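The structure appears right after this line, and notes come after that.
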Amino acid sequence: MNDKAHDNDSPTRQLALGFASHVEQWARKLQGIDAGSRPGLNLATVKQAAFELSLATSDGHVCLSLADLTRVLTPSPSIATLRADLLASGLIGTPQAVGAMPMILDDQDRLYLHRYFDYERRLAQRLMRASSSEPVMVDLATREQLSALFQQPADAPPRIAANTALNTAPNTASKAAPQAPKQSSEQVDWLTDSQVDDQPPEIGATQGPPDWQRVATALALRQRLTVISGGPGTGKTTTVVNLLACLIAQQPDCRIALAAPTGKAAARMTEAIRSRSAHLPPAIRDRLPADSFTIHRLLGVRPDGFIHHAGNRLAIDALVVDEASMLDLALATQLLEAVPETARIILLGDKDQLSAVEAGAVFSDLSADPTLSDDCRNDIAQLCGIDEAQIVPPAAIRASALRDTATWLSRNFRFAADSSIARLAGDINGARSKQAIDSLKRSTGSSGSNRAVGNGGGGNSDGSVRWLDDGATMPAQASLDRMLQGYEPYLEAVRRDPQDASAITEAFGKFRVLCAVHEGPRGVVSLNERVTRHAREALNELPRAQRTDPRDPWYAGRPVMVLRNDHVLKLFNGDIGISLPNEQGDLMVYFADATGGLRAVAPVRLPVHQTAFAMTVHKSQGSEFDEVLVLLPAQRSRVVSRELLYTAVTRARHRVSICASAEVVTAAIQSPTSRQAGLLDRLREAGLERQEHPPRSRQRTGD
């Protein structure tokens, strides 16, 4: 059932075997003590179930369905028989009698490790409390703020309401403020299955769909819990900046925390908000949060857990979490339980991206149902000053008990409708593998060509997509050449002035090689070795005083990625630094800091790290580059999914090169990731429980 089960030496398998052995011993002990209460106990079945469940959770599943378990048992029992056998072991509880059992079997025939069932139930209860709270009244000043931020001509810079509580000084920065993106018919909805040629009317028109950024902002002002999903370029940052401005206008002393799962995502969030807030008046802009935190840093990680939790909550009025699609079940539960009951929770992410490395697909589940109740649509229409009939959310992927929570941003402001990269991303996400392959073939200029084409070449109107039909075990020379070409501007920046850390860091951030796997000839380790050899040869032109012994892993221009958090050094998993000489000629590793500058760390002080010319697609989440090169395995692999390919392609701002065979690309698009979980059922159960035992009514008040 699981590829990892066939790898006898993998730590995952060894852990599963150990857990299964313990379960068997516990069952034998219980059988010896009270065998009569468990007639027909099948120890082999219980042991196999524990083994398969451990493997499933290592693969990112929260639970294991009995239907899947029956397929690996010999002989294959019925689900009813299997359920009876498991419950007879004395080691498996139920939702009605959880006890201290190591495993739980729910009413929908899902088998859980106890801790994951507990996390799922606690998260559902916290979410339902936030979702079911009374709508927050929005005062007049905040409504005017919302109107000023979104209701202006498409080609004019945003205006701020003149009579908001904080707007006591003229907005001297308004002339230099960047223009709002034009709402034109050339924008493309690349995240849905609709054809990009059939564009909806302009946003802001009297007919047609509303500005969903504005709707999302109004929803977040009304609700305690808001989930905003959208791909790169769909305006999540703009939405957040405007939302923060509205919150501050309504409550000047509002305590707002910005957080993200990784250090680089947190830093990018701070930078993005800073760059998008120039249009705000100083009185509001100065009150924006100055820093973003990793979730672990926000909660205060320590060896025995977190400082902040359900019993010691964060002192905040609003929490904004970026890249929330990377949240696993355990971390999501611990984070949201630490948020005060009266605080707002705003989760931002992309429901179509890869889910967390650890167990769970929380954001995908929370984004599944964007429907809005009639009362909610009426309130939003009044807040936005539009006709309620215009607010028509898309159909739910799966029904959810969460009410009036999710919004999808699908209009892309980065790419035009005829952009090849936008079409490719849309075809991947829409499971249109034939169209995707046809588009890739056009990008090469001829269907059988194995060459990359620049701007305007061979049917690719803008050159944003390049395909190298490379399906060999070893990467083709054309793929390797493209990698080296991509890093040439970076290497030239190092050669030009190895002490100009800012210019070198900027050059390195423009191009990246993304891999699906870590090991093997088409994996991260092998490609880093290849590019490193080339880089060291290319940098031989540096002055002799700045060269290093070839046997020394450190050299001027070596990029490294941190693989383990170090809170003393303020370095976190995924942070990237570059080794360069300081003024004394000593090599230091320069990392971007929260202020937009750089700070140097001695190589010997770094936590576990690796060279970072190539990185996995998982590690690239939360990052964007001008250009990416995506190298997929030579053969079909269960790790190469639709979500992985979509995530890789959408890391590119301007260009993407796909190095893979048509067969592997097709298999990826036709292989959506499916993680087993029961969060939606837990939400439904939590909702029913609240109906049976409603909380005391609270007076509806503003913030």
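Yes or no: T616 among the polar types (S, T, N, Q), within 30 Å of A267 (Cβ to Cβ) and modelled with pLDDT of 85 or more? Working first, answer last.
Values: among the polar types (S, T, N, Q): yes; within 30 Å of A267 (Cβ to Cβ): yes; modelled with pLDDT of 85 or more: yes.
When the stated conditions are applied, T616 passes them.
List every residue pair whose Cβ atoms sit under 7 Å apart, with the two residues 6 or more apart in sequence or on different chains, where the first one lies in the range 580-593 and is free of Cβ contacts under 8 Å to residues at least 60 places away in the same chain and assigned to a loop (DSSP other than H, G, I, E, B) and the second, anywhere, is surrounded by fewer than 19 Cβ atoms within 10 Å (Cβ to Cβ) and of a type outside the set (K, R).
Pairs found: G585/A545; G585/Q546.
If you scan the range 228-257, which residues turn out to be in a strand (DSSP E or B) and surrounded by fewer than 23 Cβ atoms within 10 Å (Cβ to Cβ)? Let's see the steps before the verdict.
Applying the first criterion (in a strand (DSSP E or B)) to the range 228-257 yields 228-230, 256-257.
Within the range 228-257, I256, A257 meet the criteria.
Residues checked against (1) of a type in the set (F, W, Y); (2) modelled with pLDDT of 85 or more; (3) out of contact with any Cys (no Cβ under 9 Å at 6 or more places or on another chain):
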position: P393; (1), (2), (3): no, yes, yes
position: D404; (1), (2), (3): no, yes, no
position: F415; (1), (2), (3): yes, no, yes
position: R432; (1), (2), (3): no, yes, yes
position: I437; (1), (2), (3): no, yes, yes
position: T444; (1), (2), (3): no, no, yes
position: D462; (1), (2), (3): no, no, yes
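Given the condition in a helix (DSSP H, G or I), at pLDDT 90 or above, open to solvent by 40 Å² or more (accessible area, probe 1.4 Å) and β-branched (V, I, T), answer yes or no: does some residue in the range 499-508 qualify?
yes
Please indicate, with yes or no, whether at least one residue in the range 95-116 is touching a residue at least 40 places away in the same chain (Cβ under 8 Å), basic (K, R), crowded, with 16+ Cβ neighbours inside 10 Å and not in a helix (DSSP H, G or I).
yes
Conditions: (1) part of a loop (DSSP other than H, G, I, E, B); (2) surrounded by 16 or more Cβ atoms within 10 Å (Cβ to Cβ); (3) β-branched (V, I, T). V392 meets all but one. Number of the miss?
Single failed check for V392: (2).
Considering only residues that are open to solvent by 20 Å² or more (accessible area, probe 1.4 Å) and more than 9 Å from K264 (Cβ to Cβ), look in the range 574-583 and name the one that is farthest from the chain's Cα centre (by Cα).
E583
Sort through I316, I295 and tell me the only one that's among the β-branched types (V, I, T), within 30 Å of R642 (Cβ to Cβ) and open to solvent by less than 40 Å² (accessible area, probe 1.4 Å). Talk me through it step by step, then tell me what you get.
Numbers: I316 fails: within 30 Å of R642 (Cβ to Cβ).
The conditions single out I295.
Every residue in the range 53-81 that is in a helix (DSSP H, G or I) and either closer than 20 Å to A330 by Cα or open to solvent by 20 Å² or more (accessible area, probe 1.4 Å) (or both), please.
Initial filter on the range 53-81 (in a helix (DSSP H, G or I)): 53-58, 66-70, 79-81.
Residues satisfying the conditions are L53, S54, L55, A56, T57, S58, A67, D68, I79, A80, T81.
Quick one: what pairs do we get from the range 237-264, first residue at pLDDT 90 or above and among the charged types (D, E, K, R), second surrounded by 22 or more Cβ atoms within 10 Å (Cβ to Cβ) and not in a loop (DSSP other than H, G, I, E, B), C-beta under 9 Å, 6+ apart or different chains?
If the second residue must be surrounded by 22 or more Cβ atoms within 10 Å (Cβ to Cβ) and not in a loop (DSSP other than H, G, I, E, B), the pairs left are R255/A318.
Give P282, P261 a once-over and let me know the one that is of a type outside the set (G, A, S) and open to solvent by 30 Å² or more (accessible area, probe 1.4 Å).
Values: P261 fails: open to solvent by 30 Å² or more (accessible area, probe 1.4 Å).
That would be P282, the only listed residue that is of a type outside the set (G, A, S) and open to solvent by 30 Å² or more (accessible area, probe 1.4 Å).
What residue, among those in the range 82-94 that are in a helix (DSSP H, G or I) and either touching a Ser or Thr at 6+ places or on another chain (Cβ under 9 Å) or among the β-branched types (V, I, T) (or both), is farthest from A27 (Cα to Cα)? Break it down into steps so the answer makes sense when it comes.
Here is the first cut: in the range 82-94, the ones in a helix (DSSP H, G or I) are 82-87.
Add one more test, that the residue is either touching a Ser or Thr at 6+ places or on another chain (Cβ under 9 Å) or among the β-branched types (V, I, T) (or both), and what stays is 82, 85-87.
Working: L82: 16, D85: 12, L86: 11, L87: 11 Å.
Among those that are in a helix (DSSP H, G or I) and either touching a Ser or Thr at 6+ places or on another chain (Cβ under 9 Å) or among the β-branched types (V, I, T) (or both), it is L82.
Anything in the range 632-675 that is hydroxyl-bearing (S, T, Y) and touching a helix residue (DSSP H, G or I) at 6+ places or on another chain (Cβ under 9 Å)? List them, or say none. Give the derivation first.
Looking only at the range 632-675, we keep the residues that are hydroxyl-bearing (S, T, Y), and these are 637, 641, 646-647, 650, 657, 661, 666, 671, 673-674.
Those that are hydroxyl-bearing (S, T, Y) and touching a helix residue (DSSP H, G or I) at 6+ places or on another chain (Cβ under 9 Å): S637, S641, Y646, T647, T650, S657, T666, S671, T673.
From the set of residues in the range 117-129 that are open to solvent by 30 Å² or more (accessible area, probe 1.4 Å) and of a type in the set (K, R), which is farthest from G90 (Cα to Cα)?
Narrowing the range 117-129 to residues open to solvent by 30 Å² or more (accessible area, probe 1.4 Å): 118-119, 121-122, 125, 129.
Among the residues that remain, those that are also of a type in the set (K, R) are: 121-122, 129.
Values: R121: 22, R122: 24, R129: 33 Å.
Out of the qualifying residues, it is R129.
For the range 509-528, what are the residues that are within 25 Å of R655 (Cβ to Cβ) and not in a loop (DSSP other than H, G, I, E, B)?
F511, R512, V513, L514, C515, V524, S526, L527, N528 - these are the residues of the range 509-528 that are within 25 Å of R655 (Cβ to Cβ) and not in a loop (DSSP other than H, G, I, E, B).
It is to be established whether one or more residues within the range 622-638 are at pLDDT 85 or above, open to solvent by less than 10 Å² (accessible area, probe 1.4 Å), over 18 Å from I504 (Cβ atoms) and assigned to a loop (DSSP other than H, G, I, E, B).
Within the range 622-638, one or more residues are at pLDDT 85 or above, open to solvent by less than 10 Å² (accessible area, probe 1.4 Å), over 18 Å from I504 (Cβ atoms) and assigned to a loop (DSSP other than H, G, I, E, B).
Return a yes/no flag: does the range 298-313 have any residue that is over 25 Å from V639 (Cβ atoms), among the basic types (K, R) and in contact (Cβ under 8 Å) with a residue 40 or more places away in the chain. Show your work before the answer.
Step one: of the range 298-313, the residues over 25 Å from V639 (Cβ atoms) are 298-313.
Going one step further and asking which of them are among the basic types (K, R), we end up with 302, 313.
So of that shortlist, the ones also in contact (Cβ under 8 Å) with a residue 40 or more places away in the chain come out as none.
No - not one qualifying residue is present in the range 298-313.
List the pairs whose first member sits in the range 463-480 and is hydroxyl-bearing (S, T, Y), whose second member is part of a helix (DSSP H, G or I) and crowded, with 18+ Cβ neighbours inside 10 Å, and whose Cβ atoms are under 6 Å apart, counting only residues at least 6 apart or on separate chains?
S464/S420; S464/I421
State which residue is surrounded by the most Cβ atoms within 10 Å (Cβ to Cβ) when the search covers only the range 639-663 and only residues that are among the hydrophobic types (A, V, I, L, M, F, W, C) and farther than 25 Å from M326 by Cβ. First the steps, then the outcome.
To start, the set of residues in the range 639-663 that are among the hydrophobic types (A, V, I, L, M, F, W, C) comprises 639-640, 644-645, 648-649, 652, 656, 658-660, 662.
Going one step further and asking which of them are farther than 25 Å from M326 by Cβ, we end up with 659, 662.
Values: C659: 25, A662: 16.
Here the answer is C659.
Got a number for residues in the range 285-306 being at pLDDT below 85, among the hydrophobic types (A, V, I, L, M, F, W, C) and more than 21 Å from R274 (Cα to Cα)?
1
Going by the structure shown, is A318 touching a strand residue (DSSP E or B) at 6+ places or on another chain (Cβ under 9 Å) and over 23 Å from V649 (Cα atoms)? Quick ask: steps written out before the conclusion?
On the way: touching a strand residue (DSSP E or B) at 6+ places or on another chain (Cβ under 9 Å): yes; over 23 Å from V649 (Cα atoms): yes.
So A318 fits the description; yes.
Name the residues in the range 591-600 that are at pLDDT 85 or above and surrounded by 20 or more Cβ atoms within 10 Å (Cβ to Cβ), would you?
Restricting attention to the range 591-600, the residues satisfying the condition of being at pLDDT 85 or above are 591, 598-600.
F591 - this is the single residue of the range 591-600 that is at pLDDT 85 or above and surrounded by 20 or more Cβ atoms within 10 Å (Cβ to Cβ).
Between a first residue in the range 529-541 that is basic (K, R) and a second residue that is crowded, with 18+ Cβ neighbours inside 10 Å, which pairs have beta carbons less than 7 Å apart while being 6 or more apart in sequence or on different chains?
R530/L480; R536/Y555
Within the range 335-371, how many residues are open to solvent by 10 Å² or more (accessible area, probe 1.4 Å), farther than 16 Å from T262 by Cα and either free of Cβ contacts under 8 Å to residues at least 40 places away in the same chain or among the polar types (S, T, N, Q) (or both)?
Adding up the residues that qualify gives 5.
The values are calculated or read from the model by the stated rules, or taken from the named source; none is laboratory data. Here the structure is a predicted model, which means the values were calculated and not measured. Counting neighbours? That spans all protein chains shown, and the Cβs are built from the backbone with ideal geometry, glycine included. Side chains are part of the model used for accessible areas, which takes the heavy atoms of the whole protein and leaves out ligands, DNA and RNA. Shrake-Rupley method; radii C 1.70, N 1.55, O 1.52, S 1.80 Å.
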